[in-house]
Amino acid sequence: MATILVVDDESMVLNFCCMALREYGFQVFSASSGMQSLPFFESGRAAIDLVLLDVVMPGLNGVELAKRIHQLSPSTKILFMSGYTPAEITRLIGKDMADQRFIWKPFTADGLVRMIGNVIGVTPAVEAGAAR
């Protein structure tokens, strides 16, 4: 199964995503800030298939982080998550970035797994609950 890095400064969201993704068989790493996530790509210590990241974070925000990840690892897929409305996201990050793939908070574990499956091209057994 795929390896996912989850980046969010809200511990409840970070823990929920990591727990849900592990339950469905993904290998999961986590970081509570953009800066904390960069060593995964700078050192090459983990082959990350997808980064699930929050758009609005203190310090290195999701948009800046996505650009850095793309420079370090162009094949890594990005999935943004946000509690902001699509209009607010467009205003905050611009039209070009707003066209990226998003999952809107709040979401369910099944919804998250389906969206990740769409982005990375795998079909996890969501209905069966995978590893439940």
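Anything in the stretch 1-58 that is closer than 16 Å to I69 by Cβ, in contact with a strand residue (DSSP E or B) (Cβ under 8 Å, 6 or more places away or on another chain), surrounded by fewer than 16 Cβ atoms within 10 Å (Cβ to Cβ) and of a type in the set (D, E, K, R)? List them, or say none. Answer for the stretch 1-58, where residues must be closer than 16 Å to I69 by Cβ, in contact with a strand residue (DSSP E or B) (Cβ under 8 Å, 6 or more places away or on another chain), surrounded by fewer than 16 Cβ atoms within 10 Å (Cβ to Cβ) and of a type in the set (D, E, K, R): there is none.
Would a scan of the stretch 17-38 turn up a residue that is among the hydrophobic types (A, V, I, L, M, F, W, C), touching a Cys at 6+ places or on another chain (Cβ under 6 Å) and either over 26 Å from G121 (Cβ atoms) or outside any helix (DSSP H, G or I) (or both)? Among the residues of the stretch 17-38, at least one is among the hydrophobic types (A, V, I, L, M, F, W, C), touching a Cys at 6+ places or on another chain (Cβ under 6 Å) and either over 26 Å from G121 (Cβ atoms) or outside any helix (DSSP H, G or I) (or both), which makes the answer yes. Scan the stretch 98-132 for residues that are open to solvent by 70 Å² or more (accessible area, probe 1.4 Å), at pLDDT 75 or above and under 21 Å from N61 (Cβ atoms) and the total you get is 4. Scan the stretch 84-97 and give yes if some residue there is aliphatic (A, V, I, L, M), over 14 Å from the mean Cα position of the chain (by Cα) and open to solvent by less than 20 Å² (accessible area, probe 1.4 Å), otherwise no. Checked the stretch 84-97: at least one residue is aliphatic (A, V, I, L, M), over 14 Å from the mean Cα position of the chain (by Cα) and open to solvent by less than 20 Å² (accessible area, probe 1.4 Å). Of the set (1) open to solvent by 20 Å² or more (accessible area, probe 1.4 Å); (2) more than 14 Å from I103 (Cα to Cα); (3) at pLDDT 90 or above, all apply to I78 but (2).
The values are calculated or read from the model by the stated rules, or taken from the named source; none is laboratory data. This is a predicted model, so every value here is computed, not measured. Cβ atoms come from the backbone with ideal geometry, glycine included; neighbour counts cover every protein chain shown. We work out accessible area using only protein heavy atoms, side chains counted, and drop any ligands, DNA or RNA first. Shrake-Rupley method; radii C 1.70, N 1.55, O 1.52, S 1.80 Å.
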